[in-house]
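The values are calculated or read from the model by the stated rules, or taken from the named source; none is laboratory data. Note that this is a predicted model, so its numbers are computed, not measured. Please note: Cβ atoms are built from the backbone with ideal geometry, for glycine as well, and neighbour counts cover all protein chains shown.
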């Protein structure tokens, strides 16, 4: 048959029975969520790989064969071998060890900057969405202004003003992602605010604080969780970009972005120098993105979160 | 503020008088708010001040770099759309098919790859191993068209792949949404040939969200490709801004930021205009 | 003049044992389970039932408009003698339009928002033959006039959002009638409209039917519409036909408890003895998990025969008001309706009540 694929066009399926509106909303069921996620092989594998990466970052000094700055002048720019699986750099340092040690830097900056964005952005989004009116207008216009600047440039400008270094990199990346969290949270809160159970609670005199913490936030959380995973991906990317530009950690600290910047100069003689740190970034970012996609399928079927990549 | 721009501009050996003179001439001795107001007042008239570093006017510096950035951004957008449109459409038309899976994997990779690492890899393969293309630099189109094109290809591909991956996902999802709409079924029920249904009832409607995404990506390409410009020694605005950051050359940085904000506004305006051209519901409002 | 449907005229549509299964995340949904009916030229068959009874799917399946990846359609559906379900895609495309036109439920979403009304009308005309742009446009204006759109010359240049819901539905009807189809399928065509507009559109369809001799399948859950437009009624529940017959038989002498329940919900059609069925408690069974016996058993307030729980009552001819014994499949029963059609119901309850 001349059949166009028509997804969602199954008019027969009777609408699922609506839960009684006055009943308490179904809280996100964590065990069920994890179960669904485990049945999504891509997301499950990504989660496992991420756990491994975090373990590597935590036990980096035990796992790395060499120290970060152990130099061996006789082994400059050696290709990958059994002793040095990722080769050596121009000072004869083991690239494998430095990639392992760089994981901590990348993840620390990633997690802390997203934590900053998550806390500040969610708070702003909650206030804007819950109180509406002028609070909403003021806060969201402010977010729009922040959002108007290209992410990388905004981060560069912040670091330029405050000086290079990991702490400022965290702040810079965090600020860049605040508006995204604010928007996602606000949209989610708006969806929940008028639900019957919230109005019911309000009518029996629940305080704003109780409403927000007991009803609004738990039910508005799923898109925020998805956004967190996706944002972690971009925070790691942004950290790499800042380090690459010399605006993050300083040499000789091991950092994937810095290693790429240095390896770039030797690309013709020693491909491994730039290839392996880059692969480390790709794998980490890819896993956060895939996990985010999996979470989105499970938690946010209406796709309210920004799609991966729109933060770039 | 860290780093004294005057000190950076003058180098290592200079007298206190030269220092004070330059500081006064640049207005850096005035309070910050006054500095900013003075700058803003002049900016409205098109005077963005003078670079601490080179002494050139910021307007002329930006004017010099703008064509290179525009060229790269537009070329990248072409690459992105060439990748995204067919890939996104095919995967929407055949969900869960092989092509859909390949497209999903490719776009996931594209989104996860740092553009500067992709640039380095492209240089490694096409300039290093294969030796087909130069590893960077820029020549104007008017002087050496072939050389211009050769130098444009790699940076355009590096940024285009990243943007293309983002757009692919949007094309796929907006096509899927358009396919599921009732009026598509109406068109089929009229006995309109499948290709016509796809063009006029699916693609035509999927175009609307696509315009927005493409606009956002163009804005990103025009202003966010700082790192790629640096890797390929592409003399664009991103590089100018980055150099300004390193030199604490604030007039140039301010000028660049202002320009980026303008670019953002102009692109949003263009998107709105385009929207009203293609969506009659907006045009008649 | 309306042609008299009967054995003399070949039926426009003959549906035989139509079954539709849809693959859903919750398992296979048996949405239509062995539906058979015929539509003669100029005849209007109303298909009634609650939402979820499989009405819409049964007609979408006829025109191949269900998603091929999830839907399995079996049975036969002869449109003027040609089986719609085994046609080549190209032939099916040719038949959509001139063979069968379809009016969809929601006038707000069934028109493409970015194309003008005229464009959407001429598109259907030009898909089925070499028609010049100018000729197609002229015909579009004519069609819009026929469906009662004021100022059709200007309306062709308008976009759907510039028209009211009633006007849009007229456009959708004009599109369905553009190629003078032998069969018109209207899926809840007037449900979204207010009563006055609804009456106008019903008149319009009847008039066009008289002029073109079109067979009509009218899907609705509104019994008022049924009484106004239908020659015959087919009551659907759980993907099955539970009762069919002439409009008088079914509306005035309903046999199946479900039909009686439906009618009881409509006060001015209800008779005294089934007033207690004014509303039917419960919801239709999920198509993924249909009961073994009568599909209506779980909600049935009568439960007149224990066999209904485990066995499916066959669709059999029933006696009418004088209570002659039915169920023998005798098509030439003397108590057939005015149009010579049998009154059938899939229930044993009527027998229990017969005395």
- prompt: Which of the residues that make up the stretch B:95-109 are closer than 13 Å to residue C:69 by Cβ and in contact with a helix residue (DSSP H, G or I) (Cβ under 6 Å, 6 or more places away or on another chain)?
  reply: B:100
message: Please determine whether any residue of the stretch B:198-213 is in contact with a strand residue (DSSP E or B) (Cβ under 7 Å, 6 or more places away or on another chain), within 27 Å of residue C:176 (Cβ to Cβ) and either part of a loop (DSSP other than H, G, I, E, B) or within 10 Å of chain C (Cβ to nearest Cβ) (or both).
response: no
message: Checking the structure you have, find out if any residue of the stretch A:97-114 is within 31 Å of the chain's Cα centre (by Cα), in a strand (DSSP E or B) and either at pLDDT 80 or above or closer than 30 Å to residue A:168 by Cα (or both).
response: no
- prompt: Any idea which of C:40, C:52 is on the phi > 0 side of the Ramachandran plot and either crowded, with 18+ Cβ neighbours inside 10 Å or more than 10 Å from chain A (Cβ to nearest Cβ) (or both)?
  reply: C:52
query: Somewhere in the stretch C:64-74, is a residue within 19 Å of the chain's Cα centre (by Cα), facing another protein chain (nearest Cβ under 7 Å) and at pLDDT below 90?
result: yes
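Could you list, in sequence order, all residues of the stretch A:130-152 that are on the phi > 0 side of the Ramachandran plot and part of a helix (DSSP H, G or I)? Even if it seems obvious, please write down each step before you answer.
To start, the set of residues in the stretch A:130-152 that are on the phi > 0 side of the Ramachandran plot comprises A:132-133.
Listed by number, the list holds a single entry, A:133.
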task: Could you pull out the residue among A:77, A:37 that is at pLDDT 70 or above, assigned to a loop (DSSP other than H, G, I, E, B), touching a helix residue (DSSP H, G or I) at 6+ places or on another chain (Cβ under 9 Å) and surrounded by 13 or more Cβ atoms within 10 Å (Cβ to Cβ)?
output: A:77
task: Determine if the stretch B:120-136 includes at least one residue that is within 13 Å of another protein chain (Cβ to nearest Cβ), outside any helix (DSSP H, G or I), more than 30 Å from residue C:100 (Cβ to Cβ) and in contact (Cβ under 8 Å) with a residue 24 or more places away in the chain.
output: yes
query: Is one or more of the residues making up the stretch A:184-200 assigned to a helix (DSSP H, G or I), at pLDDT 80 or above and under 15 Å from the mean Cα position of the chain (by Cα)?
result: yes
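From B:160, B:191, which residue is buried (at least 20 other Cβ atoms within 10 Å of the Cβ) and in contact with a strand residue (DSSP E or B) (Cβ under 6 Å, 6 or more places away or on another chain)?
On the way: B:160 fails: in contact with a strand residue (DSSP E or B) (Cβ under 6 Å, 6 or more places away or on another chain).
None of the other options fit; the residue is B:191.
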task: Residues being within 14 Å of chain C (Cβ to nearest Cβ) and either modelled with pLDDT of 90 or more or more than 36 Å from the chain's Cα centre (by Cα) (or both): count how many of those fall in the stretch B:158-182.
output: 1
message: Suppose we keep only residues that are exposed (fewer than 14 other Cβ atoms within 10 Å of the Cβ) and within 14 Å of another protein chain (Cβ to nearest Cβ) within the stretch A:129-148. Which one would you say is nearest to residue A:219 (Cα to Cα)?
response: A:144
- request: Just give me the residues in the stretch A:251-268 being within 11 Å of chain B (Cβ to nearest Cβ) and under 13 Å from residue A:93 (Cα atoms), in sequence order.
  value: A:259, A:263
query: All but one of (1) more than 14 Å from chain B (Cβ to nearest Cβ); (2) farther than 28 Å from residue C:56 by Cα; (3) in a helix (DSSP H, G or I) hold for residue C:197; which doesn't?
result: (2)
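Of everything in the stretch A:153-172 that's out of contact with any helix residue (DSSP H, G or I) (no Cβ under 7 Å at 6 or more places or on another chain) and assigned to a helix (DSSP H, G or I), which residue is farthest from the other protein chains (Cβ to nearest Cβ)? Talk me through it step by step, then tell me what you get.
Within the stretch A:153-172, the subset out of contact with any helix residue (DSSP H, G or I) (no Cβ under 7 Å at 6 or more places or on another chain) is A:161, A:163-165, A:167.
Narrowing the set further to residues that are assigned to a helix (DSSP H, G or I) leaves A:161, A:167.
Working: A:161: 6, A:167: 13 Å.
That would be A:167.
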query: So which of C:103, C:95, C:73 is touching a strand residue (DSSP E or B) at 6+ places or on another chain (Cβ under 7 Å) and within 30 Å of residue C:282 (Cβ to Cβ)?
result: C:73
statement: Picking from A:243, A:229, the residue that is surrounded by 19 or more Cβ atoms within 10 Å (Cβ to Cβ), within 14 Å of another protein chain (Cβ to nearest Cβ) and over 30 Å from residue B:245 (Cβ atoms) would be A:229
